[in-house]
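> Dropping a structure here in structure tokens format, bear with me for questions.
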Amino acid sequence: MSKPDVTPPSHFIRQIIRKDLDAGKNSGRVATRFPPEPNGYLHVGHAKSICLNFTLAQEFGGTCNLRFDDTNPEKESQEYIDAIQRDVKWLGFDWNGAVRYASDYFDALYNYAVDLIKQDKAYVDELTADQIREYRGTLKEPGKDSPFRCRSVEENLARFEDMRSGKLEEGKAVLRVKIDMASPNINMRDPVIYRIKKAHHHQTGDKWCIYPMYDYTHCISDALEEITHSICTLEFEDHRPLYDWVLDQLDVPCHPQQIEFARLNLNYTVTSKRKLKLLVDEKYVTGWDDPRMPTIAGMRRRGFTPESIRTFCEMIGVTKSDGVVDVGMLEFALRDDLDKRAPRAMCVLNPLKVTITNWEAGKQQMLTIPSHPKDESLGVREIPFTRELYIDQTDFMENPPKDFKRLVPGEEVRLRGAYVIRCDEVIKDANGNVIELKCSHDENTLGKNPEGRKVKGVIHWVPAQESVPVQVRLYDRLFNNESPDSGDKNFLDFINPNALVVVDNARAEPSLAKATSTIAFQFEREGYFVKDDADSTGGKLVFNRTITLRDTWGKG
RNA sequence: UGGGCCGUCGCCAAGCGGUAAGGCAGCAGGUUUUGAUCCUGCCAUACCUAGGUUCGAAUCCUAGCGGCCCAGCCA
């Protein structure tokens, strides 16, 4: 059995934690959190963060919270909250205690804001959004103070109350923290920490019409949950001084350490919630769980196993250098896992009728075939061998290329798990299309090789009558460009029109009629497939191709 | 001289002053009733560049070069 040789990864975050533990920080406690905003479904990129946070906690005997960063009710919904929890669980992780919400802390956050105002470290600004932007300055020029910056504590308290009570309209005022309008770090130029949004919140209802901003909310939420290591992606590096500043002004239980790592970039893939949402909203795909989507839900429906995703996350490592991982690595982890666990079965995608002329009509021989070539614990399945069979059209050629190892006129081929047959006659229709093959079998080749000759190929087959009709959906990469998302390209231009090819007339071996979506099968010589529960209705059987088998034919 | 971060094989990534791990991909063989799996071998005199320190540098210093991120009342 193969096992991708994942050297015990000793990435920099692990090292930081180990060092902290050795130094006796946080009294030996390790607490992380995964903090998604419920404004979309989780994707592979999130998987990296989930695996990181949860395994770190596991490894050091700590805890990992699941916290919804729900400070922008206009973009969030319960649907996303439910989907995210489902996906985290499916990946195999259990969060510490109850699900948390930043909105659980809205009261505390509000009181801390009042505290900042009282310390004269926050003020209500009534500049317009445009003015605030102008006053902020540019990357190279310092900003300038708002005329509202020097209001008295009393006036600020009163105006903040006006914001809170709904007296002020949206956009009329914001609460800003008083730091330094000339800071070279734009995030420190008096960032806004509260804005007015007269929106219904999925958790707090209509209790609030002011909502705290990320920078202000996140650090305090972390502190209230007594997180020790607050792991986030690189783009928040510039925000760390603000994270620290806020906590330094307030009387909070602790001061977590923010650590940034490079988010996952995958070639041939788009990992941006905004763009994935667009694919869903504009119906380029059937939904967030479309098997072409790089969402956890899509991958699950496609047939990925949680283990393969976790292994992949281990393989790619954790660093601060922001590179692009080859999607081939994900595919490797997938195949490697599926090869070990997938029961084998046969399914003919493009049926071509074969009649075994020296097999008695009506005679059935039940063949017992192992479900896995190396793992007996997966058991066996039975397939009747009959006079009429189907093989795949691509496994027969009249004028084959040099290295063709399948069936050709006058030659032999092994039917997997059954007999060696010889093609004696090719039947064609009026247009010259091959519609049937008359073959003869060698009865001395069941479970043993013929004497005195080598049979070069093995092909798969199903009995004509006893096989079950199935629809098979052949999935491929959603984008046909390595970086659909880079530069000024429009990722929609690179949607692969062949990312889904539906095969309606496939025939599967009888045992597949009892398949469930919880286990993926290997359709021998074709790839890994999983039953699509959502669309297998009313007796119709639908299988999704998770991934093809590695195919090196013609490469060497 | 706006700030922050990053630069080790085609890709990911160890390395933390003692003389370049590993994985993916690729190549060459072997086994095989899946052109799969599995097994074997090959694959960076070289660590962005140039100087310097040192007996010794991918690791330390200096100066360059290249890439990514930041001007939401998004997260």
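> How large is the dipole of region A:12-261 about the Cα centre if only Lys and Arg carry +1 and Asp and Glu carry -1, each at its Cβ, rounded to the nearest 20 debye?
Using Cβ point charges on Lys, Arg, Asp and Glu, region A:12-261 gives about 220 debye.
> For region A:36-91, how big is Rg over Rh, using alpha carbon atoms and the Kirkwood form of Rh?
Rg divided by Rh gives 1.00.
> Same structure again: Per residue, how big is the convex hull around the C-alpha atoms of chain A? Give it to me in cubic angstrom, could you?
194
> What FRET efficiency do you get for A:Ser10 and A:Arg453 if R0 is 51 Å and r is their Cβ-Cβ distance, rounded to the nearest 0.05?
Working from the Cβ atoms, E equals 0.35.
> Work out the P(r) tail for region A:161-252: percent of alpha carbon pairs separated by more than 15 Å, whole number.
Summing the P(r) of region A:161-252 above 15 Å gives 65 percent of all pairs.
> Of all DSSP beta bridges located in chain A, what percent are antiparallel, nearest 5?
That works out to approximately 70 percent antiparallel.
> Right, next: With contacts defined as alpha carbon pairs under 8 Å and 6 or more residues apart, what's the relative contact order of chain A in percent?
Taking the mean separation of contacting Cα pairs over the length of chain A, I get 12 percent.
> Could you list which residues have their amide H under 5 Å from that of A:Asn358, counting only those 5 or more apart in sequence or on another chain, with H placed in the peptide plane?
Here A:His441 satisfy the definition.
> Using the scaling law 2.2 N^0.38 Å as the reference, what is the normalised Cα Rg of region A:467-556?
Here the answer is 1.31, to two decimals.
> What does the charge add up to near A:Thr386, with Lys and Arg as +1, Asp and Glu as -1, over the other residues with Cβ less than 10 Å from its Cβ?
Within the 10 Å Cβ shell, the charges total -1.
> Follow-up. Work through the residues other than A:Trp95 whose Cβ is under 10 Å from its Cβ and net out their charges, Lys, Arg +1 and Asp, Glu -1.
Combined, the nearby Lys, Arg, Asp and Glu give +3.
> Hull surface divided by four, with the convex hull built on the Cα atoms of region A:1-145: how many nm²?
Projected area, direction-averaged: 14.4 nm².
> Hey, if you put +1 on the Cβ of every Lys and Arg and -1 on every Asp and Glu Cβ in chain A, which of A:Ala297, A:Val472, A:Gln258 ends up farthest toward the positive end of that dipole?
A:Val472
> Now, a different point. Which residues does the label zone of A:Asp281 cover in region A:206-229, counting backbone N under 18 Å from a point 7 Å along Cα→Cβ?
In region A:206-229, the label zone of A:Asp281 (backbone N under 18 Å from the point 7 Å along Cα→Cβ) covers no residue.
> Please give the peptides A:195-201, A:318-324 ranked by average Cβ packing (other Cβ atoms within 10 Å per residue), highest first, as a rough proxy for protection.
Going from most to least packed, we get A:195-201, A:318-324.
> Return the long-range amide H neighbours of A:Phe479 (sequence gap of 5 or more, or a different chain), with a cut-off of under 5 Å between placed amide H atoms.
Counting only residues 5 or more places away or on other chains, the set is A:Asn496.
> Name the shape class, rounded, prolate or oblate, that the alpha-carbon gyration tensor gives for region A:62-154, where a ≥ b ≥ c are the square roots of its eigenvalues, rounded holds for a/c under 1.5, and otherwise prolate holds if a/b is larger than b/c and oblate otherwise.
Note, shape of region A:62-154 comes out prolate.
> List the residues whose amide H sits under 5 Å from the amide H of A:Arg344, counting only those 5 or more places along or on another chain, with H placed 1.01 Å from N in the peptide plane.
A:His372, A:Gln522
> Any chance you could give the angle, 0 to 90 degrees and rounded to 10, that helix A:153-165 forms with the longest Cα principal axis of chain A?
It is inclined by approximately 40 degrees.
> Pop out the ³J(HN,Hα) list for region A:288-294 in order, Karplus 6.51 cos²θ - 1.76 cosθ + 1.60 with θ = phi - 60°, rounded to Hz; leave Gly and Pro as x.
The phi angles translate into 4, 9, 4, x, 7, 7, x Hz.
> Provide the per-residue ³J(HN,Hα) series for region A:223-236, in order, calculated from phi with Karplus coefficients 6.51, -1.76, 1.60 and θ = phi - 60°, each as a whole number of Hz, with x at glycine and proline positions.
In residue order, the calculated couplings are 5, 5, 8, 6, 5, 9, 10, 9, 8, 9, 8, 3, 5, 9 Hz.
> Now for a different question. What are the ³J(HN,Hα) values, in whole Hz, obtained from phi via the Karplus relation 6.51 cos²θ - 1.76 cosθ + 1.60 with θ = phi - 60°, for each residue of region A:186-192 in sequence order, with x given for Gly and Pro?
4, 5, 9, 7, 6, x, 6
> Moving on. With an 8 Å cut-off on Cα pairs and a minimum separation of 6 or more residues, tell me the relative contact order of region A:403-520 in percent.
21
> Taking only the alpha-carbon atoms of region A:350-466, what semi-axes of the equivalent ellipsoid follow from 5 times the gyration tensor eigenvalues under a square root, in whole Å, largest first?
Largest first, region A:350-466 gives 24, 17, 14 Å.
> Still on this structure: Can you tell me, using C-alpha contacts under 8 Å and at least 6 residues apart, the relative contact order of region A:350-466 as a whole percent?
After rounding, I find 30 percent.
> Over region A:75-231, one equal point on each Cα, no solvent: what is log10 I(q)/I(0) by the Debye formula at q = 0.20 Å⁻¹?
Values returned for q = 0.20 Å⁻¹ are -1.29.
> Is it possible to state the helix-based mean residue ellipticity at 222 nm for chain A, with each DSSP H run of 4+ residues giving -39500 (n - 2.57), the sum divided by total residues, to the nearest 500 deg cm²/dmol? What is it?
Using -39500 (n - 2.57) per qualifying helix, the result is -7500 deg cm²/dmol.
> Of all trypsin sites (Lys or Arg not before Pro) in region A:342-372, which ones are in loop regions per DSSP and have a Cβ with at most 11 other Cβ atoms within 10 Å?
A:Lys363
> Enumerate cysteines in chain A without a disulfide-compatible partner, where compatibility requires another Cys Cβ under 4.7 angstrom.
Flagged as lacking a Cys partner: A:Cys64, A:Cys150, A:Cys209, A:Cys219, A:Cys232, A:Cys254, A:Cys347, A:Cys423, A:Cys439.
> Another one. Which net charge results when you count Lys and Arg as +1 and Asp and Glu as -1 among the other residues whose beta-carbon is under 13 Å from that of A:Asn449?
+2
> Order of A:72-78, A:493-499 by packing, highest average Cβ count within 10 Å first?
Top of the packing list down: A:72-78, A:493-499.
Laboratory data are not the source of any read-out in this text; all were calculated from the coordinates shown. Note that the coordinates shown come from a computational prediction; the quantities given were computed from them, not determined experimentally. Because the Cβ atoms are built from the backbone with ideal geometry, glycine has one as well, and the counts that use them run over all protein chains shown.
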